[in-house]
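Everything on this sheet refers to the single structure shown next.
The values are calculated or read from the model by the stated rules, or taken from the named source; none is laboratory data. Just so it is clear, the structure is predicted and the values come from calculations on it, not from any experiment. So basically every Cβ, Gly included, is an ideal-geometry build from the backbone, and we count neighbours across all protein chains shown.
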Amino acid sequence: MVGAMIKLTVDAELCTGHGRCYTVAPKLLAYDAEGFVTIRGQTIDVPVELEPAARDAEMACPESAISIVEVSDP
Ligand code: F3S
């Protein structure tokens, strides 16, 4: 689908710092000094080449803190 893209969001309440997300997707996600993913509570655009990494991160989080949002251009 032309123009399709995804966003990744991390629920700040659910993330407890397991760290599996940035372990499986190091090109997309990073960690802070306390071991939480740096985008906790935020939503980011996912570059198309990193979509598989984003989906891996979503599946890896044991707290289901990560959600993928499919976005389609009008
Ligand atoms: Fe948090 Fe889940 Fe990653 S708990 S640090 S979003 S694996």
Conditions (1) free of Cβ contacts under 8 Å to residues at least 60 places away in the same chain; (2) in a loop (DSSP other than H, G, I, E, B); number of the one not met by residue 73: (1)
Residues satisfying the stated conditions in the range 11-43, i.e. on the phi > 0 side of the Ramachandran plot and surrounded by 12 or more Cβ atoms within 10 Å (Cβ to Cβ): 17, 19, 41
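Going through the range 50-64 one residue at a time, which ones are among the aliphatic types (A, V, I, L, M) and in contact (Cβ under 8 Å) with a residue 12 or more places away in the chain? Can you show your working first?
First, the residues of the range 50-64 that are among the aliphatic types (A, V, I, L, M): 50, 53-54, 57, 59-60.
Across the range 50-64, the qualifying residues are 50, 53, 54, 57, 60.
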Residue list for the range 23-39, filter: within 13 Å of residue 50 (Cβ to Cβ) and in contact with a Cys (Cβ under 8 Å, 6 or more places away or on another chain): 29
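Does at least one position in the range 35-53 carry a residue that is part of a helix (DSSP H, G or I) and within 10 Å of the ligand (Cβ to nearest atom)? Give the derivation first.
Let us first name the residues in the range 35-53 that are part of a helix (DSSP H, G or I), namely 48-53.
Then keep just the ones that are within 10 Å of the ligand (Cβ to nearest atom); that gives none.
No, there is no match, as no residue in the range 35-53 is part of a helix (DSSP H, G or I) and within 10 Å of the ligand (Cβ to nearest atom).
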Residue selected from the range 1-22 under the condition more than 7 Å from the ligand (Cβ to nearest atom) and under 13 Å from residue 55 (Cα atoms), by the criterion modelled with the lowest pLDDT: 5
